Structures are given as C-alpha cells and as structure tokens.
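Participant: The structure that follows is given in the form of structure tokens.
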Amino acid sequence: MIVDLGVIAICYFAALSWGSNEPWAMSVIAVGTFSLLALRLIQDAWQGSLEPRRSRVYLPLLFFVVYTGLQVAGQRAGLESARAWLPHTVDGHSSTLYFLLAASYVALVFLVHNGFRSRFRVKMLLIAIVALGLLEALYGLLQYLGNYGYIWDYQVTTA
C-alpha cells in the first residue's frame, strides 16, 4: 500500500512540480520512482510473490530506453560517436538526463502494471488521476478568469 501511495504521489509531483522541466524535478521523479521500484521488488521478494506480469506493452518502451542508453554510452567530445554503429548525441547532458527520466517512466509503468492488482487499488488510482485533472482544470480556470499572471509563483510569459 505504501508503494501504491508513493506511485500516486510521484504522479502528482510530475504533474504539479514547480519547474517540471528543470533537472532537479526530473531527478526527484527518477530517484522517487527507482526507490519505489526497489521497495516493491524487496517487498515482493520478502513475501515470496516476486512474479512480474509479462506484457508486450513494455517492448516499445524498453526499445526506446535501450536506444537512448546506446546514445548515452556512445558519448564523446566532438561530433563523432565512439563507434560507428552507436547512435550519437550532440548534447550529452540532456541525453543522459532524459535517459534517466525515460527509464524512470518505464519503472513507473512497471509499478502500476504490477502493483495495482486489485479492483480497489485500480479504482483508487483512477480516482486520484481524475482528482488531479480536476484540480488542474479548476486552477487553470481560476487563473484564466481571474487574469492571474502567475502559476505557482512563476510569472506566466505570453507569446
């Protein structure tokens, strides 16, 4: 139950985080997700119920993570990759950051797919997601109708 509440908290933080495109927020999401994954695996191994569900939904996600992992592994100063067959990245820092973020989202999908096994827990997750959407919609509506120029104390720039 603690891991399930942690998954919901990560979902809320990812949607409501201040500066969610900032490296610190991505790091919080990645560290939180990997910590929850480790906790889930330890908990399942301790209880003797470590049987992850197999699904084809992981294949495209895993291929993408492997591809970005190869980009990160092939980093080199300059415009040439370390080996000719490795994909190359121009911005190694961003590639590494988004590799960690993509891997954490795969871990989050794994946690949801393997953790929310009962009907009650799936219902709890759906209610939390709908409540999050309602909160964001109401906040956006109040901001728009009230002509409020800030989102979570960050000034809104209009183009």
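The values are calculated or read from the model by the stated rules, or taken from the named source; none is laboratory data. Predicted model, so just to flag it, every value in this text is computed and none were measured. Cβ placement follows ideal geometry from the backbone for every residue including glycine, while neighbour counts extend to all protein chains displayed.
Participant: Every residue in the range 1-34 that is under 20 Å from R121 (Cβ atoms) and without any contact (Cβ under 8 Å) to a residue 24 or more places away in the chain, please.
Facilitator: M1, L5, A9, F13, A14
Participant: Examine the range 29-38 for a residue that is modelled with pLDDT under 85, within 20 Å of F99 (Cβ to Cβ), surrounded by 12 or more Cβ atoms within 10 Å (Cβ to Cβ) and aliphatic (A, V, I, L, M), and state whether such a residue exists.
Facilitator: For the range 29-38, residues modelled with pLDDT under 85, within 20 Å of F99 (Cβ to Cβ), surrounded by 12 or more Cβ atoms within 10 Å (Cβ to Cβ) and aliphatic (A, V, I, L, M): absent.
Participant: Considering only the range 48-63, state which residues are surrounded by 10 or more Cβ atoms within 10 Å (Cβ to Cβ) and over 25 Å from F99 (Cβ atoms).
Facilitator: L50
Participant: Show the residue pairs meeting these rules: Cβ distance below 6 Å; 6+ apart or different chains; first residue within the range 113-134 and free of Cβ contacts under 8 Å to residues at least 12 places away in the same chain; second residue outside any helix (DSSP H, G or I).
Facilitator: From the range 113-134, the pairs are V122/F116.
Participant: For the range 1-28, which residues satisfy the criterion of being outside any helix (DSSP H, G or I) and buried (at least 16 other Cβ atoms within 10 Å of the Cβ)?
Facilitator: Of everything in the range 1-28, just one residue is outside any helix (DSSP H, G or I) and buried (at least 16 other Cβ atoms within 10 Å of the Cβ), namely S17.
Participant: For the range 66-115, which residues satisfy the criterion of being among the aromatic types (F, W, Y) and modelled with pLDDT of 85 or more?
Facilitator: Y67, Y98, F99, Y105, F110
Participant: Same structure, new question: Only one of R121, R54 is of a type in the set (D, E, K, R) and at pLDDT 85 or above; which?
Facilitator: R121
Participant: Out of the residues in the range 136-154 that are surrounded by 12 or more Cβ atoms within 10 Å (Cβ to Cβ) and either in contact (Cβ under 8 Å) with a residue 24 or more places away in the chain or not hydrophobic (A, V, I, L, M, F, W, C) (or both), state the one that is farthest from F64 (Cα to Cα).
Facilitator: Within the range 136-154, the match that is farthest from F64 (Cα to Cα) is Q143.
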